Amino acid sequence: MTRDAKKFKGWIAAEIALFSFAAGSIMTAHLVRNEAVHADSNRLFELRIYHDLPGKLPVMESRFRDKTSKILARHNLRVLGYWVTTDASASENSFIFMLAHQSPDEAKKNWEAVRLDPEFQEIANSEKVERTLEKAEVIYMSPTDFSAMN
């Protein structure tokens with residue numbers, strides 16, 4: 001084989017390697033996405049903290065377990081969970097739950113449906129007879145753009 005033929009084959013091998021590297025880089029760039037993950041900006045979370053009167057937490061839990069949670073579900077209020085605190089200063093009178101809504105308008109519409117529900121009105125009337133709630137905190141939250149809540 002002549003010197004020119006060896007040189008020519010060397011250039012071909014270099015061109016093939018360069019082409020392979022470029023093609024691989026282009027494919028990798030299309031497969032790997034460096035886009036920021038953003039939470040759904042319309043989704044709304046609602047945190048409710050009910051401060052019960054001393055000794056009334058079991059009554060509140062019972063109402064939610066037996067009746068209120070079913071009413072909320074019936075009116076598309078999606079409860080993510082119910083909690084009681086473990087902090088000694090608040091554990092005797094704090095009942096907490098969190099809901100997820102698709103939008104602020106949906107939250108408003110669904111809560112209005114709950115308020116108009118005759119079974120819920122019975123619960124509201126029973127609260128007048130056996131008062132359990134001292135005060136309620138309602139906090140609406142939107143996820144940040146770097147939140148995993150989608």
Which one is surrounded by the fewest Cβ atoms within 10 Å (Cβ to Cβ), of the residues in the stretch 105-119 that are within 19 Å of the chain's Cα centre (by Cα) and within 13 Å of L72 (Cβ to Cβ)? W111
Which of the residues spanning the stretch 120-148 are within 18 Å of the chain's Cα centre (by Cα) and among the charged types (D, E, K, R)? D145
Looking for whichever is out of contact with any Lys or Arg (no Cβ under 6 Å at 6 or more places or on another chain), assigned to a loop (DSSP other than H, G, I, E, B) and not aromatic (F, W, Y) here; the options are A148, A107, A136. Which one fits? A148
Would you point out the residue of the stretch 125-136, among those that are of a type outside the set (K, R) and loosely packed, with under 10 Cβ neighbours inside 10 Å, that is farthest from T68 (Cα to Cα)? V129
Could you please find all residues in the stretch 39-87 being modelled with pLDDT under 95, among the aliphatic types (A, V, I, L, M) and in a helix (DSSP H, G or I)? L57, V59, M60
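The values are calculated or read from the model by the stated rules, or taken from the named source; none is laboratory data. All values derive from a computational prediction rather than experimental measurement. Quick reminder, even Gly has a Cβ in these numbers, built from the backbone with ideal geometry, and neighbours come from all protein chains shown.
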